[in-house]
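Working notes for the structure below.
The values are calculated or read from the model by the stated rules, or taken from the named source; none is laboratory data. Predicted model, so just to flag it, every value in this text is computed and none were measured. Using ideal geometry, Cβ is built from the backbone for each residue, glycine included, and neighbour counts are taken over all protein chains shown.
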């Protein structure tokens, strides 16, 4: 799980923060901090599907699954179980 | 404005009436569903009264400007109505606005007070360093545990303190309907944002006209995912409170499944969208959601491709679709009566009820069917002009040669058919519409010129299925190690999210006209 966390962190930092990781913790809410918007969520999902070979369903597009590094790691663990 | 010498004996309607009349008529009805809370009209009205009393205690007077820099929230809603109850003018600023531009806007409108998230860095605005906006007298800090600045002359109150300590007493009615209700800052071709002035009569008229053609009633439940800094989002709040419906206020459309679930739970009847949102909805499987409560969808900000309109109608067969067009300078301008959608899917319709519009050529001659010209608008929704920008105002708002009426010259080119329906042709300037919001290439270009090694830059919009237009920057640099990422990081630090380019291309030089100006038409 820690591997996926560091991969997700890298992806978020590179794609949405343009390399500036400042205050990003594993718990930071992407929505509340304005890190990701609607098109950003689609980019994130495309990355997860490609990297982890999973398929994210429309109804799984919810903050509980995707709104922080921890949430994504938990979601991935569930999908890959 | 000074003191009121005489109080008008008959009140012309004001924006505060939207809330107060609904609160008097329907006190226990749910007005607002937001942040996991459900508030009745009485509760929202009381909160707004408390905010108004707090603003008055901070020194806010009739006609003063009060800014709001917050996400869509209960505080934003009670703030907007608290400000008009205090007789002041509200200025809702996009919450992703960066510091330099925030300070520009606050200084430009000489804001007296600011409602802001308690976690925002207020250096230079409040506390010992409160010198950047000399007009500022007070700040209201929202959110759970705001850090209260100390020292300085700007008084700070927490929103929580206001709810605990200020009386819910309706302030006296000082305004007349020619007083300003709000400034809406929008991008201009010059690059600096400018504040469109709406007086109370403009807002009252525009909301009534839109409510009329949408056929809104008290039983409507409207969901709004657009920022309240965007006039399309703001008017969902104003209209819903005016007709006594329920507003479901969300922060964004980032998670469409959450919004669809909310539509199902709250039995939403009206969904206002922009092309970007519809592009996200179209590929989704909606069968998991019960969307049977939906009565209508609206689209504005940019035209929906006809193929998307057709796909949406297949997806929502029992829902009425309204195609609309407008600009902040007149609020809404045109709407297509839904019965016409099959016959003229590419049209954005006719002038909204109680207004008129026509096309003129460069010489000011009115044009007939089939000819393309600039859209000119007449009606009481034509706003008052740009805040303290007489030259810009004179270009956009011109008097009718005979009656002296204030007309709006929209800068948008249209054509009409034989029956008088309008079709959008293009813009006269190079403003980009991305995610439904206006972006001035000049503002993005000025930001990129802030990178020391950048010699030349040109910013254009390119067609994008999701964004409407995507922003693309062409950059000439003397530093070959400058990366796309570095350019984007710089933009992200200085511009609102929706203004950050999607693409950056480095070039050896930019195409020029014979007079040496950058020729954007050669860029793709």
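Among the residues making up the range B:74-98, those that are surrounded by fewer than 22 Cβ atoms within 10 Å (Cβ to Cβ) and either touching a helix residue (DSSP H, G or I) at 6+ places or on another chain (Cβ under 7 Å) or more than 14 Å from chain A (Cβ to nearest Cβ) (or both) are B:74, B:96, B:98. Considering the range B:263-296, the residues that are part of a helix (DSSP H, G or I), at pLDDT 95 or above and more than 26 Å from residue B:325 (Cβ to Cβ) include one that is nearest to the other protein chains (Cβ to nearest Cβ), namely B:264. For the range B:465-486, enumerate the residues that are part of a loop (DSSP other than H, G, I, E, B), touching a strand residue (DSSP E or B) at 6+ places or on another chain (Cβ under 7 Å) and within 14 Å of chain A (Cβ to nearest Cβ). Listed by number, the list holds a single entry, B:467. Might you check whether a residue that is farther than 25 Å from residue B:503 by Cβ and away from every other protein chain (no Cβ under 11 Å) occurs anywhere in the range A:13-23? There is no residue in the range A:13-23 that is farther than 25 Å from residue B:503 by Cβ and away from every other protein chain (no Cβ under 11 Å).
Any residue at all in the range A:61-81 that's over 28 Å from residue B:35 (Cα atoms), in a loop (DSSP other than H, G, I, E, B) and either touching a strand residue (DSSP E or B) at 6+ places or on another chain (Cβ under 7 Å) or away from chain B (no Cβ under 11 Å) (or both)? Scanning the range A:61-81, I find at least one residue that is over 28 Å from residue B:35 (Cα atoms), in a loop (DSSP other than H, G, I, E, B) and either touching a strand residue (DSSP E or B) at 6+ places or on another chain (Cβ under 7 Å) or away from chain B (no Cβ under 11 Å) (or both), so the answer is yes.
For the range B:448-464, check the following and say yes or no: at least one residue is assigned to a loop (DSSP other than H, G, I, E, B) and within 14 Å of chain A (Cβ to nearest Cβ). Yes, that holds for at least one residue.
In the set (1) assigned to a helix (DSSP H, G or I); (2) within 14 Å of another protein chain (Cβ to nearest Cβ); (3) buried (at least 18 other Cβ atoms within 10 Å of the Cβ), residue B:445 fails one condition alone, (2).
Residues are listed down the side, and each one gets a yes or a no for (1) surrounded by fewer than 18 Cβ atoms within 10 Å (Cβ to Cβ); (2) farther than 30 Å from residue B:107 by Cα:
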residue	(1), (2)
B:366	yes, yes
B:396	no, no
B:411	yes, no
B:417	yes, yes
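Screening the candidates B:131, B:183 for the property of being modelled with pLDDT of 95 or more and under 28 Å from residue B:446 (Cα atoms) yields one hit, B:183. Checking B:44, B:66 one by one, the residue that is surrounded by 24 or more Cβ atoms within 10 Å (Cβ to Cβ) and either over 24 Å from the mean Cα position of the chain (by Cα) or in contact (Cβ under 8 Å) with a residue 12 or more places away in the chain (or both) is B:66 and no other.
Candidates A:27, A:49, A:32, A:43: the one that is facing chain B (nearest Cβ under 10 Å) and surrounded by fewer than 17 Cβ atoms within 10 Å (Cβ to Cβ) is A:32. Inspection of the range B:470-492 finds no residue satisfying the criterion of being buried (at least 16 other Cβ atoms within 10 Å of the Cβ) and in contact (Cβ under 8 Å) with a residue 60 or more places away in the chain.
Here are B:102, B:125: which of them is closer than 20 Å to residue B:146 by Cβ, buried (at least 23 other Cβ atoms within 10 Å of the Cβ) and touching a residue at least 24 places away in the same chain (Cβ under 8 Å)? Write out each step before concluding.
On the way: B:102 fails: buried (at least 23 other Cβ atoms within 10 Å of the Cβ).
That would be B:125, the only listed residue that is closer than 20 Å to residue B:146 by Cβ, buried (at least 23 other Cβ atoms within 10 Å of the Cβ) and touching a residue at least 24 places away in the same chain (Cβ under 8 Å).
Checked against (1) under 19 Å from residue B:301 (Cα atoms); (2) modelled with pLDDT of 95 or more; (3) assigned to a loop (DSSP other than H, G, I, E, B), residue B:227 meets all criteria but (2).
Taking every residue in the range B:232-248 that is surrounded by fewer than 23 Cβ atoms within 10 Å (Cβ to Cβ) and pairing it with any residue that is part of a helix (DSSP H, G or I) and modelled with pLDDT under 95, at least 6 positions away or on another chain, yields no pair with a Cβ-Cβ distance below 6 Å.
When you scan the range B:400-411, do you find a residue that is within 28 Å of residue B:345 (Cβ to Cβ), within 14 Å of chain A (Cβ to nearest Cβ) and in contact (Cβ under 8 Å) with a residue 40 or more places away in the chain, even just one? There is no residue in the range B:400-411 that is within 28 Å of residue B:345 (Cβ to Cβ), within 14 Å of chain A (Cβ to nearest Cβ) and in contact (Cβ under 8 Å) with a residue 40 or more places away in the chain. Going through the range A:60-81 one residue at a time, which ones are loosely packed, with under 15 Cβ neighbours inside 10 Å and more than 18 Å from residue A:7 (Cα to Cα)? Matches in the range A:60-81: A:64, A:81.
Candidates are the residues of the range B:243-257 that are modelled with pLDDT under 90 and assigned to a helix (DSSP H, G or I); the one that is farthest from the other protein chains (Cβ to nearest Cβ) is B:256. Quick check: anything in the range B:205-220 surrounded by fewer than 20 Cβ atoms within 10 Å (Cβ to Cβ), in a helix (DSSP H, G or I), within 14 Å of chain A (Cβ to nearest Cβ) and in contact with a helix residue (DSSP H, G or I) (Cβ under 9 Å, 6 or more places away or on another chain)? Scanning the range B:205-220 turns up no residue that is surrounded by fewer than 20 Cβ atoms within 10 Å (Cβ to Cβ), in a helix (DSSP H, G or I), within 14 Å of chain A (Cβ to nearest Cβ) and in contact with a helix residue (DSSP H, G or I) (Cβ under 9 Å, 6 or more places away or on another chain). The single condition among (1) away from chain B (no Cβ under 11 Å); (2) crowded, with 16+ Cβ neighbours inside 10 Å; (3) closer than 19 Å to residue A:81 by Cα; (4) at pLDDT 90 or above that residue A:4 does not meet is (4).
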